[in-house]
Amino acid sequence: MRPLLPLALIIPAVVAGCASQQTLDEAQASAARELDSVKQHVARLSDAQQAMDARLGKLESGQARLASRLDSLSPQQGVLDALRVDTAALRAQLDAANANIARAQEGADDAVKIARDSRLVSGKLADSLLLTESMVSYAYEQPELTAGGRTALDGLIAGIKPKLPNVFVEIVGYSDNLGLDSQNRRIALERAEAVRRYLHETGGIPLDRMSTISYGDLQPVASNVTAEGRGQNRRIWVRVLR
């Protein structure tokens, strides 16, 4: 028969065994809890990934629809660009038409002015004088009469003064077609005004018995293709009406 261990030795061993088992159980429980927490975190990450995938799919689908819409709009954009070009061309034509209307209105106003100023005469041509390019200096912005032009006008003045106030002097300026229409009209008018000033300041003809008008390049007497023709078109016609 085996000899029995002393009770004092058995009790501490049992107690130690129980303590070790309890520690192991607690560790296993803690590990299980950690594992559950990790599993829950992984599940949340998986859900978030699925949500991101779904959102990315929607974005890709939206991009595809947008690209398709842009492709369908390309022909319409071409039509819109063509309309813009047509609109610009029409606007240019409208501006040109307005400029022509303004020129016509200026001509009409000049005609009315001449008719008003010459109301005391019957309109019959009593005398006339054509001042050519050689008689009027055509320096830019400074139209002046040459010696030949002044001599010709002095002879005209001698015939006009005895007939005042029963005559009316109409001074018409013309130009070539170089430059803008408005510029040509202005230059021709300035040359006509130079003649009017001379008739008034030198010849003493009253200003209210004279008028000036410019036709610019509208009534050429020669071709503007050649320098000679352009020189003939730059002229001033002085008409004495009675």
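The values are calculated or read from the model by the stated rules, or taken from the named source; none is laboratory data. Please read these numbers as outputs of a predicted model, since none were measured by experiment. Cβ: placed from backbone, ideal geometry, glycine included. Neighbour counts: every protein chain shown.
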Every residue from the stretch 182-200 that is touching a residue at least 60 places away in the same chain (Cβ under 8 Å) and hydroxyl-bearing (Ser, Thr, Tyr): Ser182
Only listed residue being without any contact (Cβ under 8 Å) to a residue 12 or more places away in the chain, among the small types (Gly, Ala, Ser) and out of contact with any Asp or Glu (no Cβ under 7 Å at 6 or more places or on another chain), chosen from Gly173, Gly203, Gly179: Gly179
In this structure, is Arg209 closer than 17 Å to Thr132 by Cα, touching a residue at least 40 places away in the same chain (Cβ under 8 Å) and buried (at least 18 other Cβ atoms within 10 Å of the Cβ)? no
Can you find, within the stretch 151-200, the residue that is surrounded by the fewest Cβ atoms within 10 Å (Cβ to Cβ) among those that are acidic (Asp, Glu) and closer than 20 Å to Ser134 by Cβ? Asp154
What's the number of the only condition in (1) surrounded by 15 or more Cβ atoms within 10 Å (Cβ to Cβ); (2) touching a strand residue (DSSP E or B) at 6+ places or on another chain (Cβ under 7 Å); (3) not in a strand (DSSP E or B) that Gln219 fails to meet? (1)
Give the stretch 162-185 a look and list any residue that's touching a Pro at 6+ places or on another chain (Cβ under 8 Å) and either of a type outside the set (D, E, K, R) or not in a loop (DSSP other than H, G, I, E, B) (or both), or say none. Leu164, Pro165, Tyr174, Asn177
Scanning for something part of a helix (DSSP H, G or I), within 42 Å of the chain's Cα centre (by Cα) and either of a type in the set (Lys, Arg) or modelled with pLDDT of 90 or more (or both), does the stretch 113-123 turn up at least one residue? yes
Can you tell me which residue is farthest from Asp154 (Cα to Cα) among those in the stretch 222-238 that are without any contact (Cβ under 8 Å) to a residue 40 or more places away in the chain and of a type in the set (Val, Ile, Thr)? Val225
